[in-house]
């Protein structure tokens, strides 16, 4: 079990390095992790879950708004602004940057640019979601190594 735990810790560290190196996350996420402690061990998981819920709603709202016969670019921009804010607050660097580009297309009232940016934001969000779900699973095992032991028996 000790070798497996050590391997898991090394994999966790390498995974974290890659997530930062590939700019999925920035320093804001590290700050969020520092707020988690023994009195609130699920803090990051709870914040990330709320981010997932909000993001799914915002992506749905954006998709609906861009499917209207007459697109309300101010409404689209308001949704993108909200998405940018929530992405920034958890350190979702690539999603936040895609939202910045999206907002510039909203200001220009560029429908094609907005549609392309919605695709980009959606892709970046789901890539990040996959990374964060992996991170949260590994974090649970890291806090409770017996999970690793029982899952390998």
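FRET efficiency for the pair residue 4 and residue 134, taken as 1/(1 + (r/R0)^6) with r the Cβ-Cβ distance and R0 = 22 Å, rounds to 0.80.
Between helix 43-66 and the chain there is an angle of about 20 degrees, using the helix long axis and the longest principal axis of the Cα atoms. The distance linking the stretch 10-82 with the stretch 109-138 is 9 Å (Cα centroid to Cα centroid, whole angstrom). Remark: the stretch 67-134 is approximated by an ellipsoid whose semi-axes, taken from the C-alpha gyration tensor as √(5λ), come to 22, 12, 9 Å, largest first.
Principal-axis analysis of the Cα atoms of the chain puts helix 93-108 at an angle of about 0° to the longest axis. Between residue 14 and residue 115, the contour length at 0.36 nm per residue exceeds the Cα-Cα span by 32.9 nm. Here the Kirkwood formula, the inverse mean of 1/r across different C-alpha pairs, assigns the stretch 1-53 a hydrodynamic radius of 12.7 Å. If you bin the C-alpha pair distances of the chain every 10 Å from 0, what whole percents do you get? Result, from short to long distances: 10, 36, 27, 16, 8, 2, 0 percent.
Throughout, read-outs are computed from the coordinates displayed, never taken from laboratory work. Keep in mind it's a predicted model, so treat the numbers as computed, not measured. Every residue, glycine as well, gets a Cβ built from its backbone with ideal geometry; the counts of neighbours run over all protein chains shown.
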